[in-house]
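Trainee: Provided herewith is a single structure, encoded as structure tokens, for subsequent inquiry.
The values are calculated or read from the model by the stated rules, or taken from the named source; none is laboratory data. Just so it is clear, the structure is predicted and the values come from calculations on it, not from any experiment. As a convention, Cβ positions derive from the backbone with ideal geometry for all residues, glycine included, and neighbour counts pool all protein chains shown. Accessible surface areas use protein heavy atoms only, side chains included; no ligands, DNA or RNA. Shrake-Rupley method; radii C 1.70, N 1.55, O 1.52, S 1.80 Å.
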Amino acid sequence: MKNFFSDRWGNGRFSPGIRLKLLCFLLPLAFVLVFTVSWTGSKITGAALRKDLLQRGAAISKMVALSAGYLMLADDQLGLDRLAAETRASSPDIAYVAIRDAANKVVAHNRIGERGKPFEPSARITPLAEFSDTHADEVIREDRTLVEFNTPIEFAGKLVGTATLALTTESLVGANRSVHRSILTAASIILGLVFLGALLASSLITTRVKRLHEGVLSLGAGKPFRPIPVTSSDELGDLTRKFNRMAEELLSQKDDLEAKARQLEEAYLGMVRVIAASLDARDAYTLGHSTRVAKLSCELGRRLGLAGEALVDLERAAIFHDLGKIQTPDDVLLKKEPLSDTEEVRMRNHPSDGTDILQAAPFLRRYIPVVRAHHEWYNGEGYPDGKKGHEIPFHAQIIALADAFDAMTTDRPYRQALTTEEALEEILRYRGTQFSPELADAFAKMVRELPPMDEATYRSMAL
Ligand SMILES: [Fe+2]
């Protein structure tokens, strides 16, 4: 019975469910049906009981009249008294038996004291039925409603008296009550069964509709879809089968689309990797720079607890970090002498240029904040936005360390490469100014734990 009335309040309005609607329709219908059948049954049974009472009374009255005729002819007073008394005693619902002569004087009565008295007519007589010569009337005697039967006593075609017999109506009322009680019990049981049946029928429907509803919601929410069991071959079963087929087709198309999107993304990424590698190759001094920065960044990221997608994002951002240099002219990028102020400004544009390039492909935009911030300083003196501390994306802070270390440990036109230890000292000198102190310490610790930073070491480092 949980969620019996599984209806909802939506937008402040009550919305009855199928179950409640079915019950509201079936229960009044069943009630009217049961009431009509009970009422009709009660009427028919009442009429049958009444007819039975009248026929029985008429038959007894006739029998008394027939016997009384012979006894009166034989002037057998004792026989008449016995006839009245024994007939009265034969059934508890016989109120009295009286035999009177043609002058309306009582000649025999089940109460001996009535003998010899005139038979008093009833104050109110309502005719009920006639059975050949026997009349049945409703009378009131001794403050009771009785059914009185009068049968003439004839002998050789001559009226010699009348046999009168009265039945009480208590047995009729009692029988009627008993019938009513039985009908009421049966009606209550039928109504109860109808209620349970309606509940069961509505549950059978609502359970299947609910399963379909949940399936639609689950499909819409992108949750793993399991086909809904088809338990019938009716319209709902057909609908469920079609829904399952549609969901499978949708999911298959979704998988295809996702696979194509992944292929497209990989193609774009591959292209950007090629561009980054070509960029490194523009300058013999920076050949392989992006890959080395990516490897160092990922190694530090792993040691700092990054994993899964976060590590993949870090690797890609490290590969793309200098992508903007594609717009830096060769005479600036490859210049062996110190840069002029204008050239310095042009050079410093590469994080912004990188932003513009990544902006073109929607799925590359996620790398923009990191690529843009890889020259920001921890103390806010970096470029292009002057961000500081935790404003600088975590990945950008890692890449900044790897970028600086690789730049210092490779030969440049204007200076020779520093040794690993010299580069680390330089990095530690700038902890708290250019670099995050904690990250600079972690980076130095990592490099000191790694084998000498030669090509073989870089090759052995996984991305
Ligand atoms: Fe850079």
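Trainee: If I model a spin label as a point 7 Å beyond the Cα along the Cα-Cβ vector, how far apart are those points for THR40 and THR433 in nm?
Mentor: Rounded to a tenth, the inter-label distance reads 10.7 nm.
Trainee: Hey, any idea what % of the chain's accessible area is carbon plus sulfur with a 1.4 Å probe?
Mentor: With neighbouring chains kept in place, the figure for the chain is 59 percent.
Trainee: Taking R0 as 45 Å, what's the FRET efficiency between ARG415 and GLU265 from their Cβ-Cβ distance, rounded to 0.05?
Mentor: Once the sixth-power term is evaluated, E becomes 0.70.
Trainee: How much length is gained on full extension from LYS242 to SER91, taking 0.36 nm per residue of separation minus their Cα-Cα distance?
Mentor: Here the segment from LYS242 to SER91 would lengthen by 46.9 nm.
Trainee: In debye, nearest 20, what is the charge dipole magnitude of segment 1-221 about its Cα centre with +1 on Lys and Arg Cβ and -1 on Asp and Glu Cβ, if you could check?
Mentor: In total the dipole reaches around 1680 debye.
Trainee: If ligands, DNA and RNA are left out, what is the accessible area of MET63 with a 1.4 Å probe, given in Å² to the nearest 10?
Mentor: We get 100 Å² for MET63.
Trainee: Evaluate the charge dipole of the chain about its Cα centre and quote only its size in Debye, nearest 20, assuming +1 on the Cβ of each Lys and Arg and -1 on the Cβ of each Asp and Glu.
Mentor: The dipole of the chain has a size of about 2180 debye.
Trainee: Please compute the per residue accessible area over the chain with all protein chains in place, 1.4 Å probe, rounded to a whole number of Å².
Mentor: 57
Trainee: For segment 260-460, taking Cα atoms only, what is the radius of gyration to one decimal and the Dmax to the nearest whole Å?
Mentor: Cα-based Rg and Dmax for segment 260-460 come out at 16.1, 48 Å.
Trainee: On to the next question. Which of HIS321, SER90, VAL216 sits farthest toward the positive end of the charge dipole of the chain, with +1 on the Cβ of Lys and Arg and -1 on the Cβ of Asp and Glu?
Mentor: SER90
Trainee: Longest span of the chain, sites excluded, free of GluC sites (Glu not before Pro) in DSSP loop with at most 15 other C-beta atoms within 10 Å?
Mentor: 143-380
Trainee: Using r as the Cβ-Cβ distance of SER218 and PHE31, and R0 as 45 Å, what FRET efficiency do you calculate, to the nearest 0.05?
Mentor: Here the calculated transfer efficiency is 0.65.
Trainee: Two decimals is fine: what's Rg over Rh for the chain, C-alpha atoms, Kirkwood radius as Rh?
Mentor: Taking Rg over the Kirkwood Rh, I get 1.67.
Trainee: Helix-only mean residue ellipticity at 222 nm, the chain, DSSP H runs n ≥ 4 weighted -39,500 (n - 2.57), per residue, nearest 500. What is it?
Mentor: Dividing the helical sum by the residues of the chain leaves -19500 deg cm²/dmol.
Trainee: Kindly identify segment 313-394 as rounded, prolate or oblate by the Cα gyration tensor criterion: order the square roots of the eigenvalues as a ≥ b ≥ c, call it rounded if a/c is under 1.5, otherwise compare a/b with b/c, prolate if a/b is larger, else oblate.
Mentor: Oblate shape, in that a/c is at least 1.5 and b/c is the bigger or equal ratio.
Trainee: Could you state the orientation-averaged shadow area of the convex hull built on the Cα atoms of segment 1-221, in nm² to one decimal?
Mentor: 19.2
Trainee: Output ³J(HN,Hα) for segment 263-272: one whole-Hz value per residue in order, computed from phi by the Karplus curve 6.51 cos²θ - 1.76 cosθ + 1.60 with θ = phi - 60°, and x for Gly and Pro.
Mentor: Residue by residue, segment 263-272 yields 4, 5, 5, 4, 4, 5, 4, x, 5, 5 Hz.
Trainee: Using each residue's phi in segment 148-160, evaluate 6.51 cos²θ - 1.76 cosθ + 1.60 at θ = phi - 60° and report the 3J(HN,Hα) Karplus result to the nearest Hz, with x for Gly and Pro.
Mentor: Computed from phi, the couplings for segment 148-160 are 9, 10, 10, 10, x, 9, 10, 9, 6, x, 10, 6, 10 Hz.
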